Structure formats: C-alpha cells, structure tokens
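Below: one structure, written as structure tokens.
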Amino acid sequence: MKKEGTTLGLTVSGGIDKDGKPRVSNLRQGGIAARSDQLDVGDYIKAVNGINLAKFRHDEIISLLKNVGERVVLEVEYELPPVSVQGSSVIFRTVEVTLHKEGNTFGFVIRGGAHDDRNKSRPVVITCVRPGGPADREGTIKPGDRLLSVDGIRLLGTTHAEAMSILKQCGQEATLLIEYDVSVMGQEIEKCNRHHQNPHCAASQLLPHLFYQFDSCLDFLSLKCILLIFELSVTGIIR
C-alpha cells in the first residue's frame, strides 16, 4: 500500500495499553485504504511490514504506520461471515450484474472462500460495498450477497486469494453472478426492489432492505478468524 503523504486513510484503535488487539475502526472515504477494497472496518491488524503488533502500545502503532515508508504490507485477521442456510423462510436467488472497474476494483470487499479447515470454508461473500464505487452506483449488490462467478469462472472451491486473483485479472468490464437471500413471504416485494421493475413501488421505498438478514459490513463479523496477507498499491492491486 503506497501512502499519499503521511496517511493511509484509516483509523486504528487498540494496542497493548488500550482495549485489545489493534483493529481498523474507520476507513476515510476516498482514502487509499478504502479505495483498495481490501480492508474492512473491524479487521484486526496483526503485523505491519512483517513487524508483529502484539506488544505495541497504541501510540507506537500509529507512529509505525506513519513512518514505515512508501510501501505498507499489512497482515490482517478477519472474522468469517456466517453461513446462510436456505430453508422454509428463506430461499436463494441469483442475478447477473455487469460492472466496470475503477482503479482496478469493482468497489466491494470480499471475505470467505475455501480453507484447509472445512469449518472455516465459506462461500465468497461480499461483506461491504464501498460508497460511491462501481458496485454502489450500479445498485444491485448488497452486503451479504455471495459472489458465485466472474465472467463464467465459478468461484466454488476457490480460496480467498484465488477469488481475489480472478477479480484482479478479469477485464475492465465483467459480468458477476450474484446469489442473495429472499424471504419466502415477500418474494413479490423483493422482486420489485431488486430488479427495479417499478421504481415507485411503495414497498420498495418503505422496506428497501427487508430481505437481507444483514445490512452492514459489521453485522457479518461473528465467527472465528483466519489470516489474510495482502499488499496494496495506490490503485488497490494485490501484488
């Protein structure tokens, strides 16, 4: 991650003298960290450029982030999204969405993927849609949606790193197959809201997120963590 001046555009809380492990408490809109679409609020920062932060005070962590140089490699621990289960009250639907990259990203954060420990394997889940980014402007994708394929390349069984690589290597325009949850009791209202068949639908205006079990990035952070190591540039490319 290359810094613009002296800031990465993120706020870090915690430290050995504070309230626990260092974590991302805020991402400044328009900053490098937010535009990278790699970090999420609530992520724990384990190391900076290979330096373990376990015994660092809060002020030492801030000083380190300000003085590490032009390239910053973060080792991040994140909590897995819960497993969505199709049942009598919830069914799964799919929709194709075509997006155009901006800064080599589509404007959303993914988590999950296959893992050696089956208990830690998850579908590739979109946990956050960056305000003002391509996905947000298009309007279909919501936090909690599952990313099933990119330009026909299925993501079932891929690791998080493999899914990120597929997103990075696809063209500037890509068609994404998205899976989402729908309440069985409200399929008609959901259809109106999701597919925008009637933009003046009263139900769409009153209950825009009725059928999403989680409506924010943080609601998904509930299970045990796995490690993700990534390196970001100004444009958010994983090297």
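The values are calculated or read from the model by the stated rules, or taken from the named source; none is laboratory data. If you're wondering where the values come from, they're calculated on a predicted model, not measured in any experiment. Here the Cβ positions follow ideal geometry from the backbone for every residue, glycine too, while neighbour counts run over all protein chains shown.
Looking at Gly113, Gly50, Gly133, Gly139 in this structure, which one is over 20 Å from the mean Cα position of the chain (by Cα) and either at positive phi or not assigned by TED's automatic domain parsing to the domain that holds Gly14 (or both)? So that I can check it myself, show each step before the final result.
Details: Gly113 fails: over 20 Å from the mean Cα position of the chain (by Cα); Gly133 fails: over 20 Å from the mean Cα position of the chain (by Cα); Gly139 fails: over 20 Å from the mean Cα position of the chain (by Cα).
Of the residues listed, the single one that is over 20 Å from the mean Cα position of the chain (by Cα) and either at positive phi or not assigned by TED's automatic domain parsing to the domain that holds Gly14 (or both) is Gly50.
Taking the options Asn193, Asn104, Asn119, name whichever one is modelled with pLDDT under 95, within 18 Å of the chain's Cα centre (by Cα) and of a type in the set (S, T, N, Q).
On the way: Asn193 fails: within 18 Å of the chain's Cα centre (by Cα); Asn119 fails: within 18 Å of the chain's Cα centre (by Cα).
Going through Asn193, Asn104, Asn119 in turn, just one is modelled with pLDDT under 95, within 18 Å of the chain's Cα centre (by Cα) and of a type in the set (S, T, N, Q): Asn104.
Name the residue, out of Thr175, Thr98, Thr140, that is in a loop (DSSP other than H, G, I, E, B), more than 14 Å from Asp37 (Cβ to Cβ) and modelled with pLDDT of 95 or more. Spell out the reasoning first.
Working: Thr175 fails: in a loop (DSSP other than H, G, I, E, B); Thr98 fails: in a loop (DSSP other than H, G, I, E, B).
Of the residues listed, the single one that is in a loop (DSSP other than H, G, I, E, B), more than 14 Å from Asp37 (Cβ to Cβ) and modelled with pLDDT of 95 or more is Thr140.
Which of the numbered conditions does Gly20 fail, given that it passes all the others? Conditions: (1) out of contact with any Phe, Trp or Tyr (no Cβ under 8 Å at 6 or more places or on another chain); (2) closer than 26 Å to Pro131 by Cα.
Failing condition for Gly20: (2).
Going by the structure shown, is Phe92 part of a strand (DSSP E or B), modelled with pLDDT of 90 or more and not small (Gly, Ala, Ser)? Break it down stepwise before answering.
Details: part of a strand (DSSP E or B): yes; modelled with pLDDT of 90 or more: yes; not small (Gly, Ala, Ser): yes.
In short, yes.
Report the residue count in the range 113-125 for those that are within 21 Å of Ser149 (Cβ to Cβ), without any contact (Cβ under 8 Å) to a residue 40 or more places away in the chain and not in a loop (DSSP other than H, G, I, E, B).
Pass one, the range 113-125, residues within 21 Å of Ser149 (Cβ to Cβ): 113-115, 121-125.
So of that shortlist, the ones also without any contact (Cβ under 8 Å) to a residue 40 or more places away in the chain come out as 121, 124.
Checking which are not in a loop (DSSP other than H, G, I, E, B) leaves us with 124.
Residues in the range 113-125 being within 21 Å of Ser149 (Cβ to Cβ), without any contact (Cβ under 8 Å) to a residue 40 or more places away in the chain and not in a loop (DSSP other than H, G, I, E, B): 1 in total.
Would the range 64-76 turn up any residue that is among the aliphatic types (A, V, I, L, M) and at pLDDT 95 or above?
Step one: list which residues in the range 64-76 are among the aliphatic types (A, V, I, L, M), which gives 64-65, 68, 72-74, 76.
In the following step, the residues that additionally are at pLDDT 95 or above were identified as none.
There is no residue in the range 64-76 that is among the aliphatic types (A, V, I, L, M) and at pLDDT 95 or above.
So which residues in the range 9-25 are part of a strand (DSSP E or B) and either touching a residue at least 12 places away in the same chain (Cβ under 8 Å) or buried (at least 16 other Cβ atoms within 10 Å of the Cβ) (or both)? Walk me through how you get there before you give the answer.
Pass one, the range 9-25, residues part of a strand (DSSP E or B): 10-15, 20-25.
Result: Leu10, Thr11, Val12, Ser13, Gly14, Gly15, Lys21, Pro22, Arg23, Val24, Ser25.
Return the only residue of Lys101, Lys55 being out of contact with any helix residue (DSSP H, G or I) (no Cβ under 8 Å at 6 or more places or on another chain) and either touching a residue at least 12 places away in the same chain (Cβ under 8 Å) or under 29 Å from Thr175 (Cβ atoms) (or both).
On the way: Lys101 fails: out of contact with any helix residue (DSSP H, G or I) (no Cβ under 8 Å at 6 or more places or on another chain).
On inspection, the qualifying residue turns out to be Lys55.
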